[in-house]
1. Loop-only trypsin sites (Lys or Arg not before Pro) in the stretch 517-571, please: DSSP not H, G, I, E or B, and at most 16 other Cβ atoms within 10 Å.
2. Name the long-range amide H neighbours of ILE564: under 5 Å, sequence gap of 5 or more, or other chain; modelled H, no Pro or chain starts.
3. Could you line up ILE113, ILE411 from fewest to most neighbouring Cβ atoms inside 10 Å?
4. Kirkwood Rh, Cα Rg: Rg to Rh for the stretch 26-239?
5. Taking the convex hull of the Cα atoms, report for the chain its projected area averaged over all directions, in nm².
6. When DSSP assigns beta bridges and you keep just the ones with both residues in the chain, what percent turn out antiparallel, to the nearest 5?
7. Is the shape of the stretch 1-48 best called rounded, prolate or oblate, per the rule: a/c under 1.5 gives rounded, else a/b larger than b/c gives prolate, else oblate, with a ≥ b ≥ c the square roots of the Cα gyration tensor eigenvalues?
8. Using Cα centres only, tell me the gap between the stretch 212-240 and the stretch 55-76 in whole Å.
Amino acid sequence: MRQRLPLLVFLALLVLGPAILPEFYITLLNYIGLYAIVTLGLVLLTGVGGLMSFGQAAFVGLGAYTTAYLSTAHAVSPWLALLVGLAITAVVALFLGFLTLRLSGHYLPLGTIAWGISLYFLFGNLDFLGGHTGLTSIPVLGLFGYELNTGREFYYLIWAVLLAAVLATQSLLDSREGRAIRALKGGSLMAESMGVNTARSKTVIFLIAALFACVSGWLYAHLQRFVNPTPFGLHIGIEYLFMAVVGGVVHVWGAIVGAGVITVLKQWLQDLLPRLLGQSGNFEAIVFGILMIFVLQRMRDGIWPLLLRLVPVKAARRREIAQAEPLPQRQLPAIGTLLLEVKGASKHFGGLIANNNMDLTVKAGEVMALIGPNGAGKSTMFNCISGVDPVTSGEVRFLGERVDHLRSREIARRGMGRTFQHVRLLPTMSVLENVALGAHLRGSKGVLAASLHLERAEEARLLAEARRQLERVGLGDCLFDEAGSLPLGQQRVLEIARALCVDPCLLLLDEPAAGLRYMEKQALADLLRKLRGEGMGILLVEHDMDFVMGLADRVVVMEFGEKISEGLPEEVQRDPVVLEAYLGGVE
Ligand code: ADP
Ligand code: MG
């Protein structure tokens, strides 16, 4: 209850607003609501997903112009025009997304600027859209038989839409699809290895952000009852980004705070500055510029986290994980079945030959160790096998099927789980959620179900599976800690739990014992023996020779990208070639 108190107070104030506030503030709140809907899309797209867009105002324009044109020129009902606007926006967004989302780094923002400008000039240059004068006499919006004539009446619709969008976005982020979206910023490669289609996740958030903007434009057109191109230009697109950053770009509620602060400040500065300076002009733009630089220097996380600190609630994410029916498990192949076969695999990085003509096999129910000095090419081999960085030539067969041309997520789906030598996790996400990402392919509920929280039963099963795997590796006590707060050794163990969540039949572990203490290594070895006993195949890279030799059934030794020895642990240990490689020769 204490948790919900600030929200309830906020909602009560919102409901009472029109009864007590003068007209001017209602108008202001309406605009804040409209801006916040667009900004919320940017929080999802830029803040959470890491995809920067300067072009959102153009999507607002699509929503506004579609309804303006259809309802004036063709007397189409505004509600039907909304559906048409959403459809047009979706098509345009999918097309633009297809063109620009593949761009990386600064090319993506440049791309959004390009289409933001194009659409703006399109609005201004099409005669049937009224050119730069725009369209007037847009009809009043009717809702359940009421006509929303005044701002006071419109207010409830705007804020209901905004709150619904905030709650849906929050629900989405707190789901299987949401974890995939949250992995986009900095975790794409890892997420793909866990089966996430990151291109799809990017498209989803791009689409949602565009649709939010479209709805805002539709509302705007019927509130204002007149549109021209000005509010859909590039500089307004920049202002939306500004709102997102000032509010707190990774927080859904930050969208409202940012839109509120910027809108009020702008209004206030527009009144105050010309009076102070004794001449008219857009001085607020200058102040905004300076303010933005200050925000970027001093409070990059925006205002929302500061507000959270003022409220006495603890952001307690320590929720109960419901008891849930276990997820179905893959039938493991019979012990001794050939799981993995690498034949003549080579990997070149430009002139560097990191793997040269490598052969190796792993069977169900065995631990195969891949050892060799630093830089021998072991991690490269892992990347070739798991599809993270495919072979230049040669074959990789998994369960009898050629997989060397498949993407890592497709290989994961076939039952291969892996960890990374340099841990790849999402440091601000909880341990539990990081591990649940591994179970991505074991759920199927989509974005819509997640937004409406209709996937809670499946979500409970995924989280229960993540907890089960964490308990199995000995991390059952830190489910709700931030993953980045664990010691490095434990972070590696977390990765093992995540790989087990994939429900693999082959497990690739790249230096899993590095950074562990003696007892922890013992526990890890026991776990791996147990997995082997159940029929799992394990390919292990490890530098701790006691660990390797006590565990491995067979060993392959690499040096300079090539296999120099293979055999039982005791054979390999006596092989003069191996001793030469490790110790520079012994007598
Ligand atoms: P190991 O895991 O056995 O220590 P790696 O497979 O990480 O060795 O590296 C093998 C060689 O390939 C090293 O010389 C390394 O610098 C090089 N290498 C690995 N990845 C890349 C890459 N992405 N681009 C260029 N060179 C790479
Ligand atoms: Mg390595």
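Laboratory data are not the source of any read-out in this text; all were calculated from the coordinates shown. Treat the numbers as computed from the prediction; the structure is a model and nothing was measured. Heads up, the Cβs are rebuilt from the backbone with ideal geometry, glycines too, and the neighbour counts pull from every protein chain shown.
1. Hits after loop and neighbour filter: ARG517.
2. Residues meeting the criterion, in which the H sits 1.01 Å from N, are VAL557, MET558, GLU559.
3. ILE113, ILE411
4. Reported Rg/Rh, Kirkwood definition of Rh: 0.99.
5. The number I arrive at for the chain is 32.1 nm².
6. If I count the DSSP bridges inside the chain, around 60 percent turn out antiparallel.
7. The shape class here is oblate.
8. Rounded to whole Å, the Cα centres lie 9 Å apart.
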